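Colleague: Let me give you the structure first, and then I'll get to my questions.
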């Protein structure tokens, strides 16, 4: 196994099992696991893994992997995705503060055929569909990404 693959696996394990609020903390935990790396390499690794910063239950920013968005219970769905509206073919998704970037990353990753781009703020995502994709198709591709999380 390559050093990079091992390092990425350790980063995933750290993010899934510990609360990490910034790159300095992550770098220290990597070093504690025997990986000597630079801040620049860690930045590339976090980008490759599509790690996002989201608010935790205490309002602090923490790192999350795209497959570990903090939505696991059905009763949380309405609170996290209270509103999706269309203006023309553009969709606007309102989320709780701190969730938009991670959710937009999921949409970009899993709906690239239908969605050209997303623009995320703190609690709002603008979804820009590809030319010729109707609202119904946009809604259909977004539904499993936001409702089943």
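Colleague: Which of the residues that make up the range 5-49 are part of a loop (DSSP other than H, G, I, E, B) and under 26 Å from residue 59 (Cβ atoms)?
Modeller: Within the range 5-49, 18, 19, 20, 21, 22, 49 meet the criteria.
Colleague: Going through the range 9-40 one residue at a time, which ones are touching a helix residue (DSSP H, G or I) at 6+ places or on another chain (Cβ under 8 Å) and surrounded by 15 or more Cβ atoms within 10 Å (Cβ to Cβ)?
Modeller: Across the range 9-40, the qualifying residues are 10, 11, 14, 15, 20, 23, 26, 27, 29, 30, 35, 37.
Colleague: Scan the range 81-122 residue by residue and report those that are assigned to a strand (DSSP E or B) and buried (at least 21 other Cβ atoms within 10 Å of the Cβ).
Modeller: 91, 93, 115, 120
Colleague: Any residue at all in the range 125-141 that is within 18 Å of residue 53 (Cβ to Cβ), in contact with a strand residue (DSSP E or B) (Cβ under 9 Å, 6 or more places away or on another chain) and surrounded by 15 or more Cβ atoms within 10 Å (Cβ to Cβ)?
Modeller: yes
Every residue, every condition in (1) modelled with pLDDT of 85 or more; (2) assigned by TED's automatic domain parsing to the domain that holds residue 15; (3) under 16 Å from the mean Cα position of the chain (by Cα), yes or no:
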{"residue": "39", "(1), (2), (3)": "yes, yes, no"}
{"residue": "66", "(1), (2), (3)": "no, no, yes"}
{"residue": "82", "(1), (2), (3)": "no, no, no"}
{"residue": "87", "(1), (2), (3)": "yes, no, no"}
{"residue": "97", "(1), (2), (3)": "no, no, yes"}
{"residue": "122", "(1), (2), (3)": "yes, no, yes"}
{"residue": "127", "(1), (2), (3)": "yes, no, yes"}
{"residue": "132", "(1), (2), (3)": "yes, no, no"}
{"residue": "141", "(1), (2), (3)": "no, no, no"}
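The values are calculated or read from the model by the stated rules, or taken from the named source; none is laboratory data. Note that the coordinates shown come from a computational prediction; the quantities given were computed from them, not determined experimentally. For neighbour counting, all protein chains shown are included, and Cβ atoms are generated from backbone atoms with ideal geometry for every residue, glycine included.
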